[in-house]
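Novice: This is the structure I want to talk about, given as structure tokens.
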Amino acid sequence: MYCRRVLSPDDLRVALPRAIEAARTGGPAVLLIPKDVQQGYMQTGYVAGVPVERIDGHRSPDETETISDALVDLDGPVTIIAGEQIARDDARAQLEALRLAVGARVATVPDAKDVTDADLGVTGVMGHRGVAEAIAGSALCLVVGTRLPLTASAGLDEVLAKVPTFSIGSAVPYRPCHHVHSDDLRTSLTQLIRAVRRKPQPLRRGLPDPTAELIPPAFHGAGVRYRDAMKLLDEVLPEDADLVVDAGNTGASAIHHLPARRSGRFVVALGMGGMGYSFGAAIGAAFARDHRRTVVIAGDGAFFMHGMEIHTAVQYRLPVTFVLFNNNAHAMCVTREQLFYQDRYSYNRFTPSRLGHGVASMFPGLPSEDVDAVELLPRALARALAADGPSVVSIECSPDEIPPFAPFLAPPQPISQPEKDRSDAAARA
Ligand SMILES: Cc1ncc(C[n+]2csc(CCOP(=O)(O)OP(=O)(O)O)c2C)c(N)n1
Ligand SMILES: [Mg+2]
């Protein structure tokens, strides 16, 4: 589906014909036109000083040369920040080939966790600590298919300003860089790969170094720890499962600790961070993917918003496992109140509920249980994943555990330093 936000009246010269063209191919096309653009004036003939015919689908095929020229003569490492357009354009193979051709280290934005095995992990507020250091030590940073919104770029502004940064994709990033437009990353990355003839570089793959994890302060209260639960999920989730991750401390923990499946999607909705979207999104994913299991990872707050979508999964016996993290709170808001508002209480802690039991009595026959202790979790997850149709596991956790979310933590020490004495980091934030 074609969907584009129009940022200036001039953009309509390009966006409107494309939307009409897209609609003619059969699907809906959406243009989001803000009021100031509706009331603005449009220039004719030129867009941002560039002749319209060059922008309107007749772009020179040589534009990727700006990037390949910079890469060819480069003396030093390259870091790639991989974005969600790679998934949209299905340019995963081309990204791998480019990474191989330039020997780049790779990080993904949170919305693009499933586009590659990023050895640097995730960027931004829920990201891994090695990303900024890798960029700082690079001769060039290449941003592929992302606008680098705040959630994806927090903590990177300083290094991105210092290191030559190029971007390729359908939208200009919010951070300063040299941008090359591409609505088709498969083609553009292929052009780049052909043009780049660096001597072969060692390829680094695999998961991020565990020392690059954010380390929240140790928590000693009741409940299953987010990290423990994510590590157990990683062990048992099928490699082709599609993961749909919701908002909050739960979402931050999943984005940080839970790797994407090798051949499944890892879907988050950080654009609006809309709580509860995961329930409907999982139903859609399960209908679209034959026999694959879809796994929702959502907090109790998200469940209370749209959790009754479980009824649709029950009705159609969809293979969806709903993993709920029940901390009886909007815990991300509780954490904010604790750290930034002197723990002034609002309405973010709830009267306790037993979601597993509740859903089980609501839908007789639906496997649904509550898990209070981490040692009970592996078997509960195995039972849920083996179910013929939907299943629910509600994990009891604590609203007072701080998640791996950078704004809640004190500025990290360099990775090379010992890890000890960091447990009180967030208390100082
Ligand atoms: C529709 C919507 N309303 C409000 C918010 C702001 N918000 C972000 S996280 C959060 C709390 C989430 O609670 P829960 O789903 O239980 O996850 P937890 O943080 O407890 O793990 C809120 C209210 C949001 N992202 N979406
Ligand atoms: Mg909660």
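Novice: Any chance you could give the angle, 0 to 90 degrees and rounded to 10, that helix 277-288 forms with the longest Cα principal axis of the chain?
Specialist: For 277-288 against the chain, the angle is about 80 degrees.
Novice: Step through the residues of region 64-76 one at a time and calculate ³J(HN,Hα) from phi using the Karplus curve (6.51 cos²θ - 1.76 cosθ + 1.60, θ = phi - 60°), rounding each to whole Hz and writing x for Gly and Pro.
Specialist: Karplus-based 3J(HN,Hα) across region 64-76 equals 5, 4, 4, 7, 5, 4, 5, 6, 4, 8, 6, 10, x Hz.
Novice: Taking the simple approach of a point 7 Å from Cα along Cα-to-Cβ for both residue 374 and residue 263, what is their distance in nm?
Specialist: Taking the two extended label points, one gets 3.2 nm.
Novice: Something else: Distance between Cα centroids, region 263-319 to region 352-414: provide it in whole Å.
Specialist: A separation of 15 Å, based on Cα centres.
Novice: How much FRET efficiency would the formula 1/(1 + (r/R0)^6) give for residue 357 and residue 150, where r is the Cβ-Cβ distance and R0 is 41 Å, rounded to 0.05? Display every interim value, and only then the final one.
Specialist: Numbers: r = 39 Å, r/R0 = 0.95.
My answer for the efficiency is 0.60.
Novice: Rg to Rh ratio, the chain, alpha-carbon atoms and Kirkwood radius?
Specialist: 0.99
Novice: Could you size up the charge dipole of region 86-234 around its Cα centre, putting +1 on the beta carbon of Lys and Arg and -1 on that of Asp and Glu, and report it in debye to the nearest 20?
Specialist: My answer is approximately 440 debye.
Novice: If you plug each phi of region 260-271 into the Karplus form 6.51 cos²θ - 1.76 cosθ + 1.60 with θ = phi - 60°, what whole-Hz ³J(HN,Hα) values come out, in order, with x for Gly and Pro?
Specialist: 5, 6, 4, 10, x, 7, 10, 9, 10, 10, 6, x
Novice: How far, in degrees from 0 to 90, does helix 331-340 lean away from the longest principal axis of the Cα atoms of the chain, to the nearest 10?
Specialist: 80 degrees
Novice: Note down the magnitude of the dipole of region 149-280 about its Cα centre, charges +1 on Lys and Arg C-beta and -1 on Asp and Glu C-beta and zero elsewhere, to the nearest 20 debye. Write out the running numbers ahead of the final one.
Specialist: On the way: 15 positive and 13 negative charges, 145 e Å.
Roughly 700 debye, rounded to the nearest 20.
Novice: In region 302-373, which trypsin sites (Lys or Arg not before Pro) are in a loop and have at most 10 other Cβ atoms within 10 Å, using DSSP for the loop call?
Specialist: Passing sites in region 302-373 are 344.
Novice: So how tilted is helix 92-102 from the main axis of the chain? Cα-based, degrees 0 to 90, rounded to 10.
Specialist: That helix lies at roughly 60 degrees to the long axis.
Novice: In terms of modelled amide H atoms, which long-range or inter-chain residues lie less than 5 Å from the amide H of residue 178?
Specialist: The list, which skips near neighbours in sequence, is 165, 166, 167.
Novice: Hey, got the dipole for the chain? About the Cα centre, +1 on K and R Cβ, -1 on D and E Cβ, debye to the nearest 20? Numbers along the way, then the final one.
Specialist: Values: 43 positive and 50 negative charges, 82 e Å.
My answer is approximately 400 debye.
Novice: With r defined as the distance between the Cβ atoms of residue 3 and residue 315 and R0 fixed at 30 Å, what FRET efficiency is calculated, to the nearest 0.05?
Specialist: Approximately 0.55, to the nearest 0.05.
Novice: Still on this structure, I have one more. Between residue 69 and residue 16, what is the label-to-label distance in nm when each label sits 7 Å out along the Cα-to-Cβ direction?
Specialist: 3.5 nm
Novice: As an exercise, use a Förster radius of 41 Å and the Cβ-Cβ distance of residue 290 and residue 100 to find the FRET efficiency, rounded to the nearest 0.05. Walk me through the numbers before you get to the answer.
Specialist: Numbers: r = 32 Å, r/R0 = 0.78.
The pair residue 290/residue 100 has a calculated efficiency of 0.80.
Novice: What are the residues whose amide H is under 5 Å from the amide H of residue 266, where those residues sit 5 or more places off or on another chain and H is modelled from the backbone?
Specialist: 114, 243
Novice: Could I ask something else about it? Cross-link partners among aspartates and glutamates for residue 162, C-alpha distance below 20 Å, same-chain residues fewer than 8 apart left out?
Specialist: Partners within reach: 69, 73, 75, 133.
The numbers here are math on the coordinates, done by the rules we state, and not lab data. None of the values given here were measured: they were computed from a predicted structure. When we count neighbours, we look across all protein chains shown, and the Cβ atoms used for this are built from the backbone with ideal geometry, even at glycine.
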